[in-house]
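In what follows, a single structure is set out as structure tokens and then discussed.
The values are calculated or read from the model by the stated rules, or taken from the named source; none is laboratory data. These numbers were taken from a predicted model, which means no experiment stands behind them. Note that each Cβ is placed from the backbone with ideal geometry, even for glycine, and that neighbours are counted across all protein chains shown. Note: areas computed on protein heavy atoms with side chains; ligands, DNA, RNA excluded. Shrake-Rupley method; radii C 1.70, N 1.55, O 1.52, S 1.80 Å.
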2 protein chains.
Amino acid sequence: MRPDSSETGKLDLSLSVAELTAQLVDIESVSGSERPLADAIGSALAGLPHLDVHRDGNALVARTDFGRAERVVLAGHIDTVPVHSNLPSRLADGLLYGCGSCDMKSGVAVQLRLAAQLTAAVRDVTYVFYDCEEVEAERNGLLRLSRARPDLLAADLAVLLEPTGAVVEGGCQGTLRADVIARGERAHSARSWLGSNAIHAAGGILDVLRGYAARQPIVDGLSYHEGLNAVGIHGGVAGNVIPDECVVSVNFRFAPDRSTGQAEQYIREVFDGWEVVITDVAGGARPGLGEPAAASFVAAMGGAPRAKLGWTDVARFDALGIPAVNFGPGDPQLAHTRDEHVPIEQIQQCETQMLAWLARPA
Amino acid sequence: MRPDSSETGKLDLSLSVAELTAQLVDIESVSGSERPLADAIGSALAGLPHLDVHRDGNALVARTDFGRAERVVLAGHIDTVPVHSNLPSRLADGLLYGCGSCDMKSGVAVQLRLAAQLTAAVRDVTYVFYDCEEVEAERNGLLRLSRARPDLLAADLAVLLEPTGAVVEGGCQGTLRADVIARGERAHSARSWLGSNAIHAAGGILDVLRGYAARQPIVDGLSYHEGLNAVGIHGGVAGNVIPDECVVSVNFRFAPDRSTGQAEQYIREVFDGWEVVITDVAGGARPGLGEPAAASFVAAMGGAPRAKLGWTDVARFDALGIPAVNFGPGDPQLAHTRDEHVPIEQIQQCETQMLAWLARPA
């Protein structure tokens, strides 16, 4: 299934899209450690003379110059969440398992297969491969590219090959992270009543989270689903000291009918009375499927579009004024799970549909 | 106040007990780094021909051989918790400030003054100075001595000169540490309802702690006060992952009418339904003030004895079958605080009372 990619760190773009996905999965690329994979993609692209390749850190941009009236960006991140005893990849019953198989190395494999095969096309294509999508926004490779070289990203439409189950997903939810802090007073734990336990006090923060009811609004005809969760907690000084601080890190996923400012205000209201430090925020994107370029892509791919619940860089293209949609292989509900996998057939279907859309006569 | 002790690392046992305390405080001796202080004590004791001195690592045992029928151990640890911008020592309004002034270099100064002055006594005396009391039990110097040379510790009564405000404190509470673990299931935080949040679940553990009512039992006539507290909490995988584990580290301080086994059983009952891992346990000691040797000491020191709430090495002597009490200068509630200090008058009082008890005709 995977001809020694993990040994050599090389990619073979002549393999099937499924085999190529396995090669990509087997080159570990947790956020911040994408260099070996970026090197492998760079080497593979360097062998394709119809592409003009730029590298920026661990991000790569490869552009065709077919002289077409329309240009489309096909974008994907090459990093993954931490490995969870789910490497190397394995194939079973038509499903490819492994860290990043679904989110989103199968999408990256489709990009690479299109890059290799489309030596001519009805639209010019800009292939974008970038790092650090799974971590805080400031480290995001696409953000870095959009600041340093926005000219490289210019296009009439961007398609992000994030997992959507091969259905067009419109817009995306925003994401906000905040530290909610409980304070107390230190004391020796043998005489705890002389102090005030900040970890016990943080129980009140967890009460808020446990009592939270998610809003599920309809925006531009698509149904979103918000969420508010603790993603980290820490507190403690020593084994015999009543702790004076406990920090709960929360993640708020909000529908695109809230601005980032409104999301922040909501979080401050929910945790009224607690110290709240906003650490990270990225706005969502309204579906925008009425835009001509997006509408043509939806029509070509078929099916009924859905709301995208996870934040994706659709929002970043939206902010650059480029209509953008999500469309890629894999069930988004499997992203970041230990059991992450992708149906081989769905990767093949995405490759076939996009190849037909780009190769088809205008 | 302190004739160049910090320069020379030497102790002058002819100084007043207050001046000697300042010399001891100014030789920094955080747990694990007691060598300079142990060297200084060793040199000072070597000049006293009525003592037989043994050294074991950074612990010292000095014994008289007056041929008396009774032998008493006077014991103190020479280490301190980490310095907290509270060195060197300073004297203000009759109070000596500085790391270890209260816990327990003033007690050690009393030991050393008695050692120097009591060239004859009504009881034989064993002076014990030991290291690593402020850290995990396995490193404790008294434990090491009790294993290597129990013969050196044999006595009819042990007095630990831990801070008690110059009141006899009987027994001590036990201490148990455990990790109480909440589990969940990972998922992407954009679709949190597909997972199960372990940090939210840990709210149930904090509910138990917040609802805990401390038992305050009377044991052998003394009133104890138990305590159950979180001393640490941690959980979280990444900023966009619903966490599958949250660990709450708790510290249970228990009265000496519970054995370590009963304390463990109680914790397992309190956290019934949660995963509980016991990480550390040290039993308490019943007051034992009815024992003849202890009763005579209590009578000689005067005042109404109190319960000792913090764990002390009284428990270790108790386990060796030696009645033991706590009696020393300093307010125990100031131990481990940055503002730690001791009233000069209280150090002098302890020296005077104990000198009278030992020098008094039988």
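Worth pointing out:
- Nonlocal amide H pairs with B:G290, under 5 Å, H built at 1.01 Å: none
- Annotation: the antiparallel percentage among DSSP beta bridges lying fully within the protein assembly as shown is about 75.
- Long-range amide H partners of A:V281 with built H, under 5 Å: A:R177
- Beta bridges per DSSP with both ends in chain A, % antiparallel, nearest 5: 75 percent
- The phi-based Karplus calculation (6.51 cos²θ - 1.76 cosθ + 1.60; θ = phi - 60°) puts the 3J(HN,Hα) values of the stretch A:104-116 at 9, 6, 5, x, 5, 5, 4, 3, 5, 5, 5, 4, 6 Hz, whole numbers, x for Gly and Pro.
- Förster radius 41 Å - calculated FRET efficiency between A:D93 and A:L194, Cβ distance, rounded to 0.05: 0.10
- Listed residues B:D26, B:D220, B:D207, most fluctuating in chain B (Gaussian network, C-alpha, under 10 Å): B:D207
- Mean projected area of the Cα convex hull of chain A, taken over all directions, amounts to 19.7 nm².
- For the stretch A:308-331, backbone nitrogen atoms closer than 19 Å to the point 7 Å from A:Q117 Cα along Cα-to-C-beta are found at A:327-330.
- Dipole axis of the protein assembly as shown (+1 Lys, Arg; -1 Asp, Glu on Cβ), positive-most option in B:G211, A:W311, B:Q173: B:G211
- Our note on the geometry: Cα centres of the stretch A:159-193 and the stretch A:228-298, 6 Å apart.
- The stretch A:169-252 - Rg over Rh from alpha carbon coordinates, Kirkwood radius: 1.20
- Contact with the other protein chains removes 20 Å² or more of accessible area, compared with the isolated chain and a 1.4 Å probe, from these residues of the stretch B:165-194: B:R177, B:R186, B:H188, B:S189, B:A190, B:R191, B:S192, B:W193, B:L194.
- Largest GNM mean-square fluctuation across B:V83, B:V237, B:V108, computed for chain B with C-alpha springs under 10 Å, falls on B:V237.
- In this structure, the amide hydrogen of A:E245, modeled 1.01 Å from its nitrogen in the peptide plane, lies closer than 5 angstrom to those of A:G184, A:A198, A:G236, counting only residues at least 5 positions away or on a different chain.
- Solvent-accessible area buried by A and B, counting both chains, probe 1.4 angstrom, square angstrom: 4000 Å²
- Accessible area of chain B belonging to carbon and sulfur atoms, whole % at 1.4 Å probe: 48 percent
- Entry comment: accessible area of the stretch B:296-362 is 40 Å² per residue, from protein heavy atoms only and a probe of 1.4 Å.
- Rule-of-thumb Rg ratio for the stretch A:19-139 [Cα; 2.2 N^0.38 Å; N residues]: 1.07
- Between A:V167 and B:A359, the modelled labels are 9.3 nm apart [label points 7 Å from Cα along Cα→Cβ].
- Only lysines eight or more places from A:K10 in sequence, or on another chain, were considered; those with a Cα closer than 21 Å are A:K105.
- Whole-angstrom gap from the stretch A:30-59 to the stretch B:303-362, using each part's C-alpha centre: 71 Å
- Using θ = phi - 60° and Karplus 6.51 cos²θ - 1.76 cosθ + 1.60, couplings along the stretch B:185-198 (whole Hz; Gly, Pro as x): 9, 5, 7, 5, 6, 6, 9, 4, 5, 8, x, 9, 7, 5
- Charged-residue dipole, Cβ positions (Lys, Arg, Asp, Glu), the protein assembly as shown about Cα centre, Debye nearest 20: 320 debye
- Phi angles of the stretch A:58-69 translate, via the Karplus equation with coefficients 6.51, -1.76, 1.60 and θ = phi - 60°, into HN-Hα couplings of 9, 10, 9, 10, 10, 10, 7, 9, 7, x, 7, 6 Hz per residue; Gly and Pro are given as x.
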